[in-house]
Each structure stands twice: as structure tokens, then as C-alpha cells.
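A quick write-up on the structure given underneath.
Nothing in this text is a laboratory measurement; each read-out follows from the coordinates by a stated rule. The shown structure was predicted, so the numbers you read here are calculated from the model rather than taken from an experiment. Neighbour counts are summed over all protein chains in view; Cβ atoms, including those assigned to glycine, are modelled from backbone coordinates with ideal geometry.
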Amino acid sequence: MRIFPFLLALSLIGVGCGDDPASDTADWVWDLPETVPEPRVPEDNPMTQAKVELGRFLFYDTRLSGNQTQSCGSCHQQALAFTDGLARSEGSTGELHPRSSMSIANSAYAASLTWANDVLVRLERQALVPMFGEDPVELGLANMESILLERLRDDERYPEMFADAFPEDSTPINLDSITKALAAFQRSVTSFKSRVDRWQAGDSTALNASEQRGLALFLGGANEAGVEDAFECFHCHGGFLFSQASDDAGQVFDQKFFMNNGLYNLDEDGSYPAGNEGLFDMTGDPADKGRFKPPSLRNIALTAPYMHDGSIATLEEVLDHYARGGRLIEDAPNAGDGALNPNKSSFVSGFVMTEREKEDLIAFLKALTDEELLTNPAYSDPFAEP
């Protein structure tokens with residue numbers, strides 16, 4: 001078996017230490033390769049089959065939007081690795097979100113949730129944001145909690161499903177149960193069956209020559225000019241998740257991770273477009289302008305357009321951006337040279353890349369696609385017509 005040392009170093013730190021993985025539930029078994037640790041699960045929301053199945057129904061139910069036109073699955077589509085293919089997601093009332101939809105695949109391992117929020121760390125709490133948030137409006141349920149509960153109680157399936165999922169609760173159809181079921185379903189959506197995973201597990205036929213060269217470059221191997229770690233990829237996209245912003249049941253260190261990649265540099269002071277300035281919008285610290293969570297690269301070929309605001313269309317353009325060391329925008333309103341952003345990460349320093357190296361890196365990134373994720377019935381829409 002091939003084990004990528006750097007891929008596992010951070011992810012396996014502390015496995016076997018601290019709290020035991022939350023796998024003490026009667027009927028839930030994680031389907032994970034041996035190189036991937038179990039995720040951290042809150043003690044007050046253990047995994048069960050009944051709860052996950054209830055969460056799947058709720059995830060795809062349009063009654064979880066105020067006007068009953070959208071579900072969670074509207075912005076997190078299975079065929080697109082649980083993204084929506086838009087630069088900026090559109091809510092149930094037509095309002096555009098300032099950021100693109102992040103994949104929920106492997107969200108059980110996220111050290112923090114959403115693009116730039118260092119305090120939102122539980123899926124149960126995060127579920128409330130799209131449901132009841134007003135800026136922007138997503139599902140549009142603000143001030144409609146009683147209406148939502150009435151809709152679910154009137155459904156012929158839900159009373160029994162909630163009772164099975166929460167047998168200790170005398171009135172199980174409540175907001176707490178809804179968020180716990182949604183969180184349980186999202187935790188169940190794991191994606192570790194790409195061809196890269198097969199190659200790692202010892203299948204020497206899983207990756208072709210180009211993909212293997214791309215993997216070597218990604219891991220810091222020498223480029224055609226003999227330079228080691230020329231592309232700096234794994235510093236931000238390391239670990240089994242291909243993102244440093246990860247967490248698991250045995251991890252003892254806080255792996256919240258945010259970085260500025262030189263996408264913008266308004267007024268030459270490091271600013272990003274107003275209202276979408278990353279961690280700065282939470283902290284108010286000017287040093288946090290433009291700092292966002294690096295997303296997982298798993299299934300990256302399916303999740304275009306790229307960056308937090310969907311402003312880069314293709315993987316080729318993404319590599320060009322990093323090769324330059326930041327993006328140059330010459331026209332207003334966002335004119336500026338991101339390569340000169342004072343808050344930019346030192347890992348985004350630019351590099352020289354040949355056409356073959358570019359092709360190899362993209363081939364490797366495409367090999368991170370998990371085809372089973374896209375069709376797994378355990379994650380599919382139960383309301384879809386056959």
C-alpha cells in the first residue's frame with residue numbers, strides 16, 4: 001500500500017489520543033479506507049441510520065424554504081459533487097449570495113464551515129444559517145419556524161421518521177431535531193474513492209503516467225528544471241482531505257486555516273470587494289482581508305467556477321493565477337495587482353510552469369474525482385422521479 005507521508009501526517013496526528021471516535025452508536029458504521037480516520041461527531045448527536053435517512057429527506061425537501069421552491073440540495077447538487085455550478089449561489093427569493101456554494105462532501109472533517117467563519121464549527125449550528133438567515137436570504141425561513149414545523153407534522157412520512165430517529169423525544173418534530181438530522185446526513189456524505197485513492201491503496205493501474213507526474217509535482221517533487229517544491233500546492237491543500245483546514249476524531253491540534261491568495265488588491269492596501277473580504281468580515285482585523293479557507297481539492301474538476309466568488313472559470317486559469325503569484329485586474333471596479341497584496345500568503349509566490357507540467361497537474365486534479373459519490377443512492381434525492 002502506498003501511503004503519502006505528508007497527506008497523512010497532519011490528519012493522523014493524535015489518532016488514538018483524547019476522546020474515542022464517536023462510533024458508539026448501535027447501527028452506524030463508517031465506510032472509510034484505513035488511511036482515513038473517523039470524523040469527530042458531537043456527543044449530543046450520535047450517528048444512526050434512522051437519523052441519517054431522515055436528514056436525507058429533509059436535505060432535499062423544498063418545504064425547508066419559505067416559498068417552498070428550494071431545498072438544501074438546490075445549491076448542493078449530487079451530480080456536481082454537492083455544489084451548484086454557479087459563481088454565486090442564488091437563494092429561494094432570487095437573491096444572489098456573495099460567495100459560491102461549497103461542497104458538503106467530507107464536511108464531517110471541516111475544522112470550520114463556510115468560506116470565512118472561524119467560529120462556525122458545528123454542522124448543527126450551520127444549518128440554521130441558510131434556513132433563517134436574512135443577509136443574504138437563502139432558504140428564507142426567517143420568522144417561519146412554526147410554519148415549517150406544521151408542514152413537517154402534516155406530512156404522512158415525517159412523524160414516524162422523526163420518532164424513529166429521536167425515540168427519546170416525546171415531541172420529536174422540532175427545530176433541534178431538524179438540524180441534528182441534517183447534520184447527520186451531511187456527515188455521512190464522504191468521498192474517498194477516487195482513482196488517486198485507489199492508487200494510494202496499491203492499484204498500480206489507477207493512475208496513468210501523466211497523472212502520476214502531476215501527483216509528484218503536487219507533493220513537492222522536482223519540476224523539469226530540477227526545482228523541488230516549485231508549486232507549493234500541498235502547503236494549503238495537504239492531508240487526506242487535500243485541504244489543511246481539517247479535523248477528525250483523534251486530532252489534537254486546531255487546524256482552522258485561512259489564507260490570502262492574491263485574488264484582489266483594491267487600492268493597493270490588500271482590500272477585497274466590500275462585503276466579501278474573507279475573515280476580515282468576522283474579525284475587523286485588516287490583516288485578515290482576503291483570508292479564506294482553502295477548500296478541499298477532492299472532486300475539484302466538478303466544482304467550477306473556482307475561488308470564493310467563482311471569479312476564475314477553469315482549472316487552467318487557476319494554475320495561471322498561482323503561477324503569476326496573484327491576479328492582475330486592470331479594469332475598474334476591482335482593479336489592482338493581487339501579486340502585490342500585503343496580506344498574501346508567502347506560499348503564493350509564483351512559479352515557472354511548462355505546458356506539460358500544467359497538463360500533468362490538471363490530469364492529477366481530475367483524478368481526484370470520486371465517481372461513486374455522484375450516483376450513490378444513499379446520498380440521492382428521495383423525491384426525484386425514477
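Rounded to the nearest 20 debye, the dipole magnitude of the stretch 120-180 is 180 debye, with +1 charges on Lys and Arg beta carbons, -1 on Asp and Glu beta carbons, and the Cα centre as origin.
Taking each residue as 0.36 nm, the span from Ser204 to Ala79 lengthens on full extension beyond its C-alpha to C-alpha distance by 42.2 nm.
Counted over the stretch 199-286 with a bin width of 10 Å, the fraction of Cα pairs per bin, in whole percents, is 13, 29, 31, 21, 7, 0.
At full extension, Asp27 and Phe347 could sit 110.8 nm farther apart than now, given 0.36 nm per residue minus the alpha carbon distance.
Counting neighbouring beta carbons within 10 Å and listing from fewest to most, the residues Leu302, Leu340 come out as Leu340, Leu302.
Starting from the stretch 107-171, pick out the GluC sites (Glu not before Pro) whose DSSP state is loop and whose Cβ has at most 13 other Cβ atoms within 10 Å. Mind showing how you got there, number by number?
Working: sites: Glu124, Glu134, Glu138, Glu145, Glu150, Glu156, Glu160, Glu168; in loops: Glu138, Glu156, Glu168.
Taking the stretch 107-171 and a limit of 13 other Cβ atoms within 10 Å, the loop GluC sites (Glu not before Pro) found are Glu156, Glu168.
Partner aspartates and glutamates whose Cα lies under 16 Å from the Cα of Lys256, excluding those fewer than 8 positions away in the same chain, are identified as Asp118, Asp247, Asp248, Asp288.
Contour minus end-to-end for Glu168 and Leu96, with contour as 0.36 nm per residue of separation and end-to-end as the Cα-Cα distance? Present the calculation step by step, with values, prior to reporting the outcome.
Details: separation 72, 0.36 × 72 = 25.92 nm, distance 3.99 nm.
That pair, Glu168 and Leu96, stretches by 21.9 nm at full extension.
A dipole drawn for the stretch 94-183 from +1 and -1 charges on Cβ atoms has a positive end, and of Asn117, Leu152, Phe166 the residue lying farthest that way is Asn117. Between the stretch 138-166 and the stretch 262-282, the alpha-carbon centres lie 39 Å apart.
To the nearest 20 debye, what is the magnitude of the charge dipole of the stretch 159-307 about its Cα centre, counting +1 on the Cβ of each Lys and Arg and -1 on the Cβ of each Asp and Glu?
On the way: 11 positive and 22 negative charges, 112 e Å.
Dipole magnitude for the stretch 159-307 comes out near 540 debye.
In cubic angstrom, how much convex hull volume per residue do the alpha carbon atoms of the chain span?
Details: hull volume 57.0 nm³, N = 386.
It comes to 148 Å³ per residue, whole-number rounded.
Counting only residues at least eight positions apart within a chain, or on another chain, the lysines with an alpha carbon under 17 Å from that of Lys344 are Lys289, Lys293.
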